[in-house]
Each structure stands twice: as C-alpha cells, then as structure tokens.
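To start, the structure under review is shown below, and the notes come after it.
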Amino acid sequence: MNKFRILKATLFCTISLLFFASCDDENDQNAKIQVSLIDAPADYEAVLIDIEDVQINVNEDEDDESGWQSLEGSELGVYDLLTLTNGEEAFLGEIELPAGKISQIRLILGDGNELTIDGSNVDLKVPSGSQSGLKLNIHQEVEGGITYKLVIDFDAAKSVVKAGNSGNYNLKPVIRAKMEALTGAINGVVDPADVNTVVYGIMNSDSVSTYPNENGEYLLRALEAGTYTVVAVPTEESGYETISVEDVTVSVGEITTIDTINFVN
C-alpha cells in the first residue's frame, strides 16, 4: 500500500469517526481541537511562513482579547507551504476547551517569511494590519468528549502579491479554516502521471487546488458539501489540453472518487 492510499484510508477514518472519539472520564466535559496546516500549490520554489503562535478565541465578542488561548504542544517554526499539498500537512498543536462555541483562530507570524523564486530568497512583507495575527472566523459549536480536527488551508498562490516593479513581494494571506469532519473530499488519478498538473475543485466562485503525486493520484480535502467541477490543468509545455469533469458531488463525511482523467494529444 503506497503512501497516498495510506493517507486516503487515514483521512476516511478521520472524517468518518472524528466526532465519535472519546476522552477519558476526567476530561469528558472538554472538547479537543487539533489544528493542522495545508496549502494550495503555487508557482514558486518555496513559500516560507514563520509561525510563532496559534491561538483560538472562545469569546462571542471578537474584540475581547481575554478569550484567546494558545495551542498546547505546538510545533511552531518556519514551514514551506509548498510541501503541504495533496494530503501532506503540518500539525500545529491542539487544545482542550470546555464545550461551547469557538469563534476564531489566529496565526501569529514572525519575521522569517520568505519567497524563493529563480533561486533567490526574497523577504515576504506582512501588512501592518496583520501584526496582531491573521484571524479566521470559525463560529463552531463543540461538544465535550469529542476530538475535532481543524484544517487551515493557506493558499500560497493567492497570498503572495508582487509589489509593482519594485522586486518586493507582500504576503496578503488568503486562508480558510474548516472542521474536517464537517466536510468531504475528492480524489482521483491523472494519466500520464508524469505530466505536471494542477487539479482544481471549483464550486461557484470558490476553488481548492492541489498537485498530483508521482503516481498521478490527487486528493482535494476539507471541501464544503455541494457540486463541484474538477479541472485538471497541465503545463503548456506538455502539449496536453485542460480537462474538466462536471457535476462531482461532495457529501459531508465522504470521499468522492472520480474516474481517471486521461490526457490525450
């Protein structure tokens, strides 16, 4: 069984069973939130994000700073977002909270944010308004005795913005945060596997994307329920045409497998 199939099986179990994971009797009034970071692909050599802290807000009043709590056991530091595609993820930490509602999560970034392009490292400047943290709305009720997996999807391609002709780049984060057990996934295969391809899952104006692995297998995860168009876009140099698969249905708690996408000249 290859790495992708192990990942798919693990994800299926996570989506199917996450809400039924029990804590011990001592902690059965607490909910556990586990936070992971994933990424959509981008046409750079590396996108390095320096994460100094990850916090969850349990206050209804989002302006009340007293509700922010840092994750425990956090694995903080500099992450290359481009390594976190097609099911790869970085575990950022977890926290136990009383049953109730969590309103937001925020990432506190350090100064080590860089972009690698054409073999050179360029500083990624974070807008001053984001110095207090990159806030994402969740507004999710959580129940005691249940483990939830919160997936943060950092879209590197949309988040890195060139500042005119200055040669500088700004980081204007485009991020989504989803409880994975409240979402579904799409997986499939592109053939030939060695064609450099980006696979998109598109619903209305929203899209999620990933790269297939060396076997041509891809996984689009943390998708809202609904009907998607899956679009496989090969590089122009390959000589192949873009292929779209319409009316792909995603249901909560399920992985939808679609037929192999075959590129033909």
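Lysine pair count for the stretch 103-181 (Cα-Cα distance under 19 Å; residues 8 or more apart in sequence or on different chains): 12. Of the residues P192, I175, P234, the one whose Cα sits farthest toward the positive end of the charge dipole of the stretch 150-265, with +1 on the Cβ of Lys and Arg and -1 on the Cβ of Asp and Glu, is I175. Peptide packing: for 70-83, 241-254, 173-186, the average count of neighbouring Cβ atoms within 10 Å per residue gives the ranking 173-186, 70-83, 241-254, highest mean first. Express in % the proportion of alpha carbon pairs of the chain at distances exceeding 34 Å. Distances greater than 34 Å cover 21 percent of the Cα pairs.
The radius of gyration of the Cα set in the stretch 211-265, together with its Dmax, comes out at 12.5, 38 angstrom. Evaluated at q = 0.16 Å⁻¹, a Debye calculation over the C-alpha positions of the stretch 48-127 (equal weights, vacuum) places log10 I(q)/I(0) at -0.73.
About its Cα centre, the stretch 92-215 has a charge dipole of approximately 580 debye under the convention of +1 per Lys or Arg Cβ and -1 per Asp or Glu Cβ, with nothing else charged. Taking all C-alpha pairs of the stretch 129-265, those more than 27 Å from each other amount to 33 percent. Here the dipole of the chain is about 400 debye; that uses its Cα centre as origin and unit charges on the Cβ of Lys and Arg (positive) and Asp and Glu (negative). Between V233 and T249, residue separation times 0.36 nm minus the direct Cα-Cα distance comes to 3.7 nm. Using only alpha carbons, the stretch 131-189 has a radius of gyration to Kirkwood radius ratio (Rg to Rh) of 1.13.
Subtracting the Cα-Cα distance of N165 and V264 from their residue separation scaled by 0.36 nm leaves 31.7 nm. Per-residue ellipticity at 222 nm from helix content only, as computed over the chain with -39500 (n - 2.57) for each DSSP H run of at least four residues, stands at -2000 deg cm²/dmol.
Here, each number is a calculation from the coordinates, and none is a lab measurement. Remember, predicted model here, so these are calculated numbers, not experimental data. So basically every Cβ, Gly included, is an ideal-geometry build from the backbone, and we count neighbours across all protein chains shown.
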